[in-house]
Amino acid sequence: MITDLRTILLAEDNANDVELTLAALRGNRVVDEVVAVRDGAEALDYLARRNQYGGRPGGNPALLLLDLKMPRVDGIEVLRQVKSHASWKTIPVVVLTSSRQEQDLVRTYDLGVNAYVVKPVDFHDFVEAVKLLGGFWAVINEPPPARLTPHETGRV
């Protein structure tokens, strides 16, 4: 029985893929909340709790599902910033992309991605893949204890 569900941050600019992913995660009751953002800049705003996310409660998502090809700030840059930030570097990042380019695969692993998944074309395969990803990273995986930045603790 699942009792301690967590938040997943979904960074995806394709509206159809967002809807499929949300349906798969919610239909399987994998998480309490999925926050969908449409580009990398918005993903970074969410993590930094700035702009429209300035009032959100502290803490990191249990998982960042990250598309690579997004407007404004692409997934590679989001991954680079997440893995180089003291408070974010332990967030599991799973690239969920249609890119089969070897350079994307190599670059993301060089930057510290936790997993690289090519989006299945078949609807049922896509839903099943998302259920498995969400279930593992947001429910089964044990994350490290939360670390607060000096700003979050008030010791700036």
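The values are calculated or read from the model by the stated rules, or taken from the named source; none is laboratory data. Every value quoted in this text rests on a predicted model; they were computed, and no experiment measured them. Positions of Cβ are backbone-derived with ideal geometry, glycine not excepted, and every protein chain shown enters the neighbour counts. Side chains included, ligands, DNA and RNA excluded: accessible areas come from the protein's heavy atoms. Shrake-Rupley method; radii C 1.70, N 1.55, O 1.52, S 1.80 Å.
Data for the structure
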{"quantity": "First in the stretch 13-34 and modelled with pLDDT under 75, second anywhere and open to solvent by 70 Å² or more (accessible area, probe 1.4 Å) and in a loop (DSSP other than H, G, I, E, B), Cβ under 9 Å, 6 or more apart", "calculated": "Arg29/Ile2; Val30/Ile2"}
{"quantity": "Complete set of residues in the stretch 6-22 that are among the hydrophobic types (A, V, I, L, M, F, W, C) and open to solvent by 10 Å² or more (accessible area, probe 1.4 Å)", "calculated": "Ala15, Leu20, Leu22"}
{"quantity": "Inter-residue pairs, beta-carbon under 9 Å, first without any contact (Cβ under 8 Å) to a residue 40 or more places away in the chain and closer than 25 Å to Leu133 by Cβ and in the stretch 41-62, second of a type in the set (Val, Ile, Thr) and part of a helix (DSSP H, G or I), 6+ apart", "calculated": "Ala41/Val78; Ala43/Val78; Ala43/Val82; Leu44/Val78; Leu44/Val82"}
{"quantity": "3 or more residues open to solvent by less than 30 Å² (accessible area, probe 1.4 Å): qualifying strands (runs of 3 or more DSSP E) within the stretch 23-133", "calculated": "33-37, 63-66, 93-97"}
{"quantity": "Residue list for the stretch 134-156, filter: assigned to a loop (DSSP other than H, G, I, E, B) and at pLDDT 70 or above", "calculated": "Glu142"}
{"quantity": "Qualifying residue in the stretch 65-81 (condition: touching a residue at least 24 places away in the same chain (Cβ under 8 Å), under 15 Å from Gly134 (Cβ atoms) and of a type in the set (S, T, N, Q))", "calculated": "no"}
